[in-house]
Amino acid sequence: MAAAPRARPEDFFSTDEWQALTARSSWKGLWLVAHCWGVIGLAMLVGIVWPWTIPLMVPIVGARQLGLFILMHDAAHAGLHRNRRVNDWVGHWLCSSTLRDYRPYHLQHHRFVQQTEDPDLVLSAPFPISRASMWRKVVRDLSGQTFYKQRFGPIAEGIRRRAPGESALKAFGRELAKDRRFFLANGLGLLAFALAGYWWAWVLMWLLPMATWLPLVSRVRNIAEHALVAQNEADPLRQARTTHANLAERIFIAPYWVNYHCEHHMFTSLPCWSLPQAHRLLQRGGTTARMEVQPGYLSLLKQATAA
């Protein structure tokens, strides 16, 4: 299997620029994790004090739930902290417990991006699609159907395929144990909020965003990053896409510079906070004109639904 062609940093940056871009920090990643949880906590507090704001808090929290995954993704690249043990501990315990399983899968995606062996190719291959198809996906996301399928579908399938003589209850317990960290963490969260008298806040401003807005923005993120990018693309400047994001898009769709995805694939050793500076340096050198860049998420989605 041939790996995807890579960009060479020395072709685009000076030695000093590259050293500054790739420098690991002992506090920036920790600050971003604290910021993410702080936004979630503040949004939930606002919703508790002024319940009429809950419809606004749902997408804010959902986008920060995506933010936790983005920061875990940085940890998968060892970019969250200069100490590898701290990096992995923070990524696993404060961002997402899927880090250990995600890392080898994701690094394979980088090695074979948009090549036949790319495990994420299935996410971008169907595009462009019709607007009707896109709206059906949006409805499934916002109605919780996507969340239910992803979270409980494997459990139902495991029960259906249980061994002869195995009871459905035993099979349910076995399948539930595979995802026990998710159910335990959310069960404890619900219990803590219930003991404080705010069980409804956990349901409406943690579980509801997770079941609705998070699947939607995760889908938009997947579309933005690789949809409409040619399979087996040889040019490392066009194997992924950067999408310019305004303030509203950064709040509700693309936190923590996830929109600079072309730069991330070109130079995987860059921590997320260095991506905007890398983009500016590439733009100064005229390189962005050769890259796959879109002016915003709306224009991108219009192209992705042009079938």
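The values are calculated or read from the model by the stated rules, or taken from the named source; none is laboratory data. All figures in this text were calculated on a predicted structure; none of them were measured in a lab. Positions of Cβ are backbone-derived with ideal geometry, glycine not excepted, and every protein chain shown enters the neighbour counts.
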Check: Pairs under 7 Å by beta carbon, first residue among the small types (Gly, Ala, Ser) in the stretch 108-132, partner surrounded by 14 or more Cβ atoms within 10 Å (Cβ to Cβ), six or more apart or different chains?
Finding: Ser124/His226; Ser124/Ala227; Ser124/Val229; Ser130/Thr305
Item checked: Qualifying residues in the stretch 54-94 (those that are among the β-branched types (Val, Ile, Thr) and farther than 23 Å from Phe147 by Cβ) - the one surrounded by the fewest Cβ atoms within 10 Å (Cβ to Cβ) -> Val86
Next item on the list: Determine the pairs where a residue that is within 18 Å of Ala240 (Cβ to Cβ), located within the stretch 1-15, has a partner that is part of a loop (DSSP other than H, G, I, E, B) and of a type in the set (Val, Ile, Thr) with Cβ atoms under 7 Å apart, the partner being 6 or more residues away or on another chain.
Entry: Ala4/Val113
Note to self: Can you tell me which condition His265 does not meet? The list is (1) buried (at least 23 other Cβ atoms within 10 Å of the Cβ); (2) farther than 23 Å from Leu121 by Cβ; (3) touching a residue at least 60 places away in the same chain (Cβ under 8 Å), and all the others hold.
What the structure shows: (2)
Notebook entry, point to check: Take the residues of the stretch 21-60 that are farther than 18 Å from Trp202 by Cβ and among the aliphatic types (A, V, I, L, M): which is modelled with the lowest pLDDT?
Noted result: Ala23
Checklist line | Test: residue in the stretch 269-277 that is of a type outside the set (D, E, K, R), modelled with pLDDT under 95 and either under 18 Å from the mean Cα position of the chain (by Cα) or assigned to a loop (DSSP other than H, G, I, E, B) (or both) | finding: yes
Item checked: Count of the stretch 131-169 residues which are outside any helix (DSSP H, G or I) and modelled with pLDDT of 95 or more -> 2
Note to self: Given the criterion assigned to a helix (DSSP H, G or I), free of Cβ contacts under 8 Å to residues at least 40 places away in the same chain and under 21 Å from Val138 (Cα atoms), identify the matching residue among Ala248, Ala289, Ala224.
What the structure shows: Ala248
